[in-house]
Every structure is written in C-alpha cells, then in structure tokens.
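The values are calculated or read from the model by the stated rules, or taken from the named source; none is laboratory data. All values reported here derive from a predicted model rather than from experimental measurement. No Cβ is skipped: glycine too gets one built from the backbone with ideal geometry, and neighbour counts run over all protein chains shown. Surface areas here come from the heavy atoms of the whole protein model, side chains and all, with no ligands, DNA or RNA. Shrake-Rupley method; radii C 1.70, N 1.55, O 1.52, S 1.80 Å.
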Amino acid sequence: MADIQKKLQTDIEKYQQLQKDYQKVVSQRQQLDGQLNENTLVKEEFARLEEGANVYKMIGPVLVKQSIPEAKQNVQKRIDYITGELKRHEASIKDFEKKQETCRESLAKYQQQLQQAQVKAAAKS
C-alpha cells in the first residue's frame, strides 16, 4: 500500500508541474495573439496611407524616418514570425493536454488501487 501511495504522490506532483507548464504556454499564446492583433492593425493602417505619407520608426527615444515599403515589409515579417510561434504554441498546448490526460488516467488507476488495498486491509482487521 505504501508503494501505491508513493506512486500516487509522484504522479500528483508530475500532474501539478504539467498544469503549471500548460498555463505558462497558454499565457504566452495569449500574449502572441495580442501582438498579432496589433501588427494586423498596423498593416491595415499602412494600407490606408496616402501616397507620399511619412512613416517613422522609434529607435530608443528617437523617431527615424522610414520608407513605407520597408515598414510594410517589417510588419509582414513580424506577422509571419508571430504566426509561426502561434502554431508552435498550439502544438505545445495539444501535447500538454495529451500528457495531462495520460497523467489523469494514471492517477485514477493508482487511486483505485489504493482504495482496493484499503478495503482489503480493513477486511483483514
């Protein structure tokens, strides 16, 4: 019975760590979603610019004039990068969900074994 309790405790700790890691990845994904929305809005604003408009890029405390095609290209590169990161995070989230499900099944199995052992121990008393 002590062996089952030890395995159960180990699995509980493993499950708790999986939950922490899962929450971290979900939080990062939400942050990426926000960044993607911001960059998409910037891209839409660039589409509305009139010919000959000035675009500035902030570098530290200084605004530096930037060409519109270069600015559009930079924003598109950011959107592409963020989209790739979102796909990577989605895969991580699915992986964590599978691991959590496996761990939950293992916990249920150990709990059932522990209950059976306790019933047998009580019956012997």
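Observations
- Accessible surface of Y56 - all protein chains present, 1.4 Å probe, nearest 10 Å²: 120
- Here is how the number arises for the chain: DSSP H runs of 4 or more residues each give -39500 (n - 2.57), the sum is divided by the residue count, and the result at 222 nm is -31000 deg cm²/dmol.
- Here the Gaussian network model covers the chain, with springs between Cα atoms less than 10 Å apart; of I93, I68, I82, I68 fluctuates the most.
- Binned Cα-Cα distances of region 8-125, short to long, each 10 Å bin given as a whole percent: 12, 25, 19, 15, 12, 9, 5, 3, 1, 0
- Within the chain, longest stretch free of exposed GluC sites (Glu not before Pro) [DSSP loop, at most 13 other beta carbons within 10 Å]: 52-125
- Total formal charge among the other residues, if their Cβ is under 12 angstrom from that of N74, Lys/Arg +1 and Asp/Glu -1: +3
- Lysine pairs in region 24-120 whose alpha-carbon atoms fall under 23 angstrom of each other, counting only those eight or more residues apart or on distinct chains, come to 21.
- Here the dipole of region 75-125 is about 180 debye; that uses its Cα centre as origin and unit charges on the Cβ of Lys and Arg (positive) and Asp and Glu (negative).
- Rounded to the nearest 20 debye, the dipole size of the chain about its Cα centre is 680 debye, using +1 on the Cβ of Lys and Arg and -1 on the Cβ of Asp and Glu.
- Environment charge at K99 (Cβ cut-off 13 Å; Lys +1, Arg +1, Asp -1, Glu -1): -1
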